[in-house]
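First comes the structure, then the notes that go with it.
The values are calculated or read from the model by the stated rules, or taken from the named source; none is laboratory data. Because the structure is a prediction, the values reported are computed rather than measured. Reconstructed Cβ throughout: ideal geometry from the backbone, glycine too, with neighbour counts over all protein chains shown. The area values use the complete protein model at the heavy-atom level, side chains included, leaving out ligands, DNA and RNA. Shrake-Rupley method; radii C 1.70, N 1.55, O 1.52, S 1.80 Å.
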Amino acid sequence: RARENSKMVITRLKKLLQSGFEKEESINFINNTLSLRTKEDEFATLDMCVLDLYEGNVSLIKNGACSTYIKNKKNISIIKSEEMPIGVGLDIVLKEKIVPVSDGDIILICSDGLLDSKEDFKKDWIEEFLKNVSTNNVQKISDMILAEAIDNNYGIAGDDITVIVAKIIKRK
């Protein structure tokens, strides 16, 4: 059911945005659709990341989603979700966080399947991983962190895992 809700949210959000609707209008419409759909709890986490290459920043809207990590050399910024997932109620709070980014920064967005793969939740293993990783190749980072998550669960993915890694590269 979670996959169906996520697929519906992504499909509708894409169509609404391509049709010219604003982010907030689109998300509110989808939230109302999910909220009114059934008596059972149906919701979806929302993790929206829009990169503004002209301004040099990333706009994040996070509702019930896992943290987003931005690595700048050895410094890691963690942007946490503070709002409820969409579909929980008719009134939704959208908080847009705008974070400056620069050449060489690495952005990591993930699902709870990655974050929850480690039993000890007291320490953020993804932050530690990003601090210590020696490559800035996004494919290698993605492959390595996915392998680590599977290793954390004794060689079997305990849940579905999504990892998106992007690098800001200034055009010369």
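Counting only protein heavy atoms, what percent of the accessible surface of region 51-97 is carbon or sulfur at a 1.4 Å probe? Write out the running numbers ahead of the final one.
On the way: 1330 of 2640 Å².
On region 51-97, the fraction of accessible area on carbon and sulfur atoms equals 50 percent.
Assuming charge only on the beta carbon of Lys and Arg (+1) and of Asp and Glu (-1), the dipole of the chain about its Cα centre is about 640 debye to the nearest 20.
Please name whichever of 147, 65, 100 sits farthest to the positive end of the charge dipole of the chain, dipole taken about the Cα centre and charges placed at Cβ: Lys and Arg +1, Asp and Glu -1. Towards the positive end, the residue furthest out is 100.
Applying both filters, DSSP loop and at most 13 other Cβ atoms within 10 Å, to the GluC sites (Glu not before Pro) of region 1-95 gives 22, 40, 55, 82. Heavy-atom accessible area for residue 8, with the other protein chains in place and a 1.4 Å probe, reaches approximately 20 Å². Taking trypsin sites (Lys or Arg not before Pro) across region 6-39, the ones in a DSSP loop with at most 16 further Cβ atoms lying within 10 angstrom of their Cβ are 39.
Within the set (1) 2.37; (2) 1.14; (3) 1.09, the number that Cα Rg over 2.2 N^0.38 Å takes when calculated for this structure is listed as (3). Each helix, a run of at least 4 DSSP H residues, gives -39500 (n - 2.57); summed and divided by the residues of the chain, these come to -10500 deg cm²/dmol at 222 nm.
Within the listed set 141, 98, 109, the residue fluctuating most in the Gaussian network model of the chain (springs between alpha-carbon atoms under 10 angstrom) is 98. Accessible area per residue for region 42-95 is 54 Å², calculated with a 1.4 Å probe on protein heavy atoms, without ligands, DNA or RNA. Taking amide H atoms as placed 1.01 Å from N in the peptide plane, the amide H of residue 105 lies under 5 Å from those of 168, each 5 or more residues away in sequence or on another chain.
Placing +1 on the Cβ of every Lys and Arg and -1 on the Cβ of every Asp and Glu, with no other charges, gives region 1-73 a dipole of roughly 320 debye about its Cα centre. Measuring nothing but how far apart in sequence close Cα pairs (under 8 Å, 6+ apart) lie, relative to its length, the chain scores a relative contact order of 20 percent. Annotation: amide H-H contacts under 5 Å for residue 57 (H modelled 1.01 Å from N, sequence separation of 5 or more, or interchain): 52, 101. Put 146, 114 in order of accessible area, highest first, and with a 1.4 Å probe you get 146, 114.
Any idea what the relative contact order of region 1-91 is, in percent, if you count C-alpha pairs under 8 Å spaced at least 6 apart? Relative contact order, region 1-91: 28 percent.
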